[in-house]
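Q: Input: one structure, supplied below.
The values are calculated or read from the model by the stated rules, or taken from the named source; none is laboratory data. Because the structure is predicted, anything quoted here is derived from the model rather than measured. So basically every Cβ, Gly included, is an ideal-geometry build from the backbone, and we count neighbours across all protein chains shown. Only protein heavy atoms, including side chains, enter the accessible area calculation; ligands, DNA and RNA are left aside. Shrake-Rupley method; radii C 1.70, N 1.55, O 1.52, S 1.80 Å.
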Amino acid sequence: MTPTSALHNALITAWESHKSSLASRRKEHLTQFETITTGGGICQYGTLTLTEKDCPAAYKHIQDKREEDNRINKEQNKETNSLPELTRLRYTAEIVRPVAPNKEPDGGYPLYIGLHGGGGYPTAEIKTLAQATSSNDTQWNYMSRAYKDALTLGGVWVALRGIGDTWDLHFTAAGYILLDRLIENMILFGAKQSPMSNDAGPTVSINPNRVYLIGFSAGGDGVYRLANRLAQRFAAVNMGGGHPGSIIQHAGIPDSDKKRLDNGLLNVANTPTCLQVGMGDRYNDAAVRSWTVAQSGVDLDANQAHYRNNVFNNPGANIYDHAVYIHTDHINKEGDWHFSWESSNFRWNGKKSPDLVVSEVIADYKAWKDSWKNGQLPTDTPGTVRKPTNALLHWFTESHKRSSVPQYIVWDLTTPRGNDNINEDIFRCLGAKGSQNYWLDIGDGTRLTTGVPIVAGMDDKTNTITIYSTGNMSYLRILLRPDMQVSIEKDITVQIYSQDNTTQAPQIITPIRIGWSTNVINDTVARNDPSLVFCSDIVLTKDSNGGKTWHWDTNSPKTPARKSRL
C-alpha cells in the first residue's frame with residue numbers, strides 16, 4: 001500500500017524536523033578526528049562520550065563496577081582503567097567507494113561495524129594494564145584496515161575501539177548506549193571521511209536497513225551479545241572465534257547432561273546470523289569456542305523449526321536465517337585453530353573472484369558436536385564441504401537487508417540479564433528502543449524474568465495480527481504503517497492467545513478500523529531511524545484486577561512523544 005500524499009508529507013516533515021532538532025546536540029559526530037600511534041601504525045578516530053546526564057543508571061553502574069574492580073585488583077596488584085576511559089567509545093570511519101565507477105549504492109551506503117579482538121589481562125604475554133591497552137589499540141588498528149578491501153560494492157567501514165581493557169570491552173554499560181548512538185548519528189547525518197584519507201569526497205548517506213556487525217575473538221564475544229540486545233538495528237551479523245558467556249546458558253561446556261535454561265538466541269529471529277570458528281578452538285576447558293558454535297547452530301535450527309512449525313504454522317517463514325562454519329582447513333604449523341582461518345575468511349586481496357573464495361568446513365555440525373566425549377575434540381575426521389565463507393563478500397549482501405516491519409517477532413525480554421550484569425535501567429537509556437522492538441511496544445512495562453518471550457505475527461490474507469505469547473505483559477502497543485502486511489485502510493482483527501498456549505482458542509478483539517496520527521509519527525521518530533517511524537497504533541491493555549481479558553484501549557491517550565537522548 002502506498003501512503004497518501006498527506007501522510008507521506010507528514011512523515012517527511014516530522015523526520016526532517018527531528019533531524020534538525022538533534023543536529024545541535026550531536027556535535028560530537030561532526031568534530032575533527034584525533035590521531036593515535038599504535039603498534040600497527042597511525043590511526044585517526046572519532047569519539048563519543050557517555051555523560052551522567054545521558055544515562056544516570058549506566059554512569060552509576062560504571063562507577064560502582066570500577067570501584068569494585070579497583071578493590072579486587074588492588075589485592076592482585078592489577079590496575080583499572082580510569083573513569084574517562086570507561087565512558088568513551090572511539091571509532092575509525094572510512095568511506096570505501098565502489099570498485100565500479102558511477103555505481104553508488106541505492107538507498108545509501110551500507111554501514112559495516114567491526115569489533116576487534118584482544119580483551120583483558122593478565123595473559124601469558126600481557127602482564128600490565130599498559131601492555132593490555134597497547135595490545136588492544138594495535139588490534140583496533142588492525143581491524144580498521146584489514147577487512148575493508150572486501151567491500152567491492154562500496155560501504156562505510158567503522159572499527160570500534162573496545163571500551164577499557166577487560167574481557168567485556170565490547171559490551172560494557174557505556175558500550176551498548178554509545179554504539180546505538182553511533183549508528184543513529186550515521187543514519188541521521190551520514191558518514192564523513194577521515195582526514196587521513198586521499199578521498200576528500202562529500203559526506204555520504206547511510207542505508208538504515210543495511211547496518212552489519214562483524215567481530216573476531218573478543219569482538220566475537222561482543223557480536224553474541226550486541227546482536228541479541230540490539231537485534232532490530234542490524235541487517236545481519238557475523239561472529240568469528242568468540243564465546244557467548246551466559247547469554248547462552250550452556251556456557252560452551254561440551255557436556256550433554258548440562259541443562260540449559262534457554263539458548264539466548266531468540267531475539268535474532270529477523271537478524272541473519274553467521275557463526276564461524278576453527279575446529280579445535282577453545283579458550284579453556286570451560287569455554288570451548290568450537291563446540292559452542294556448533295551448539296549455537298543447533299539452537300538456531302531448533303528455534304527456526306519450532307516457530308515455523310509449532311507456532312506460526314508457516315514452514316517457509318523467513319526467520320532465524322543462519323549459517324555455521326566450523327573451519328577444518330586453515331590450521332597453521334603451530335596448531336593454532338583460533339587465528340589461522342580468520343584472514344582467509346574475513347579479508348580479501350581481490351586476486352580471486354568472490355565466487356572462488358571458499359573454505360572447507362564441517363558438513364554436519366550437529367553430528368560433530370554430538371561426537372564429543374569427556375570434553376575432548378573428536379579424533380575422527382569429520383565429513384566436510386567447501387563453502388563461500390567470507391562474511392563481507394557472501395553474508396553481508398543485498399539479500400540480507402533488514403526488514404523493519406517483519407512478518408513475525410520473537411522478543412525475549414530476559415536476554416539483557418547475562419553475566420555482565422547490565423540491568424534494565426541501562427537499556428531504558430536506549431530511548432524508545434528500550435521499550436520498542438520493530439512494530440511492538442511494551443511502554444513502561446517492567447521486563448520480566450519468566451523466560452516467556454513476546455511472540456507476534458501478521459497475516460495479510462485475513463488482515464489479522466496474532467499475539468501468540470504476551471510475555472506476561474499487561475500492556476502491548478502495536479505500531480502500524482502502510483507498508484506492513486496488514487492494511488490500516490481495512491478492519492484489523494487482533495487475536496491473543498493465553499500465555500504461551502496456542503492449543504486453546506484465542507481471544508478475539510473486535511475488528512478495528514484506524515487512521516493515522518501525527519502523535520504516533522512524532523513519538524516514533526524518537527527511534528532516530530526513518531525505517532522505524534510509524535503512523536498508527538493499537539493499544540491493548542489487560543484487566544487491572546489480575547484478570548486475563550485484553551481490551552482495545554480506545555480511550556487511552558496516544559503515548560506522549562519521547563524525548564530523544566542527547
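Q: Scan region 345-389 for residues that are part of a helix (DSSP H, G or I) and at pLDDT 90 or above and report the count.
A: 6
Q: Could you give me the residue pairs with C-beta distances under 8 Å whose first residue belongs to region 147-160 and is within 14 Å of residue 395 (Cβ to Cβ) and assigned to a loop (DSSP other than H, G, I, E, B), whose second residue is at pLDDT below 85 and open to solvent by less than 10 Å² (accessible area, probe 1.4 Å) wherever it lies, and which are 6+ apart or on separate chains?
A: Once the first residue is within 14 Å of residue 395 (Cβ to Cβ) and assigned to a loop (DSSP other than H, G, I, E, B) and sits in region 147-160, its partners that are at pLDDT below 85 and open to solvent by less than 10 Å² (accessible area, probe 1.4 Å) give 147/346.
Q: Here is a further query. Pick from region 37-89 the residues that are under 26 Å from residue 159 (Cα atoms) and of a type in the set (A, V, I, L, M): which of them is modelled with the lowest pLDDT?
A: By that ranking, first place goes to 42.
Q: Moving on to the next point. Please identify the pairs in which a residue from region 18-35 that is assigned to a helix (DSSP H, G or I) and buried (at least 18 other Cβ atoms within 10 Å of the Cβ) has its Cβ atom under 6 Å from the Cβ atom of a residue that is among the β-branched types (Val, Ile, Thr) and modelled with pLDDT of 70 or more, counting only partners at least 6 apart or on another chain.
A: Note: pairs meeting the criteria are 18/525.
Q: Test residue 231 against the stated conditions and say whether it is modelled with pLDDT under 90 and open to solvent by less than 20 Å² (accessible area, probe 1.4 Å).
A: no
Q: Here is a follow-up. Would you confirm whether or not region 395-418 contains a residue that is at pLDDT 85 or above, in a helix (DSSP H, G or I) and closer than 18 Å to residue 235 by Cβ?
A: So far as region 395-418 goes, yes, one or more of its residues are at pLDDT 85 or above, in a helix (DSSP H, G or I) and closer than 18 Å to residue 235 by Cβ.
Q: Something else: Can you spot a residue in region 101-109 that is of a type in the set (Phe, Trp, Tyr) and either open to solvent by 10 Å² or more (accessible area, probe 1.4 Å) or closer than 20 Å to residue 395 by Cα (or both)?
A: Yes; the residues of region 101-109 include at least one that is of a type in the set (Phe, Trp, Tyr) and either open to solvent by 10 Å² or more (accessible area, probe 1.4 Å) or closer than 20 Å to residue 395 by Cα (or both).
Q: Can residue 135 be described as surrounded by fewer than 23 Cβ atoms within 10 Å (Cβ to Cβ) and modelled with pLDDT under 85? Break it down stepwise before answering.
A: Numbers: surrounded by fewer than 23 Cβ atoms within 10 Å (Cβ to Cβ): yes; modelled with pLDDT under 85: no.
No: the conditions fail for residue 135.
Q: Filter region 148-170 down to residues that are modelled with pLDDT under 90 and either touching a Leu at 6+ places or on another chain (Cβ under 6 Å) or polar (S, T, N, Q) (or both) and give me whichever is surrounded by the most Cβ atoms within 10 Å (Cβ to Cβ).
A: This residue is 150.
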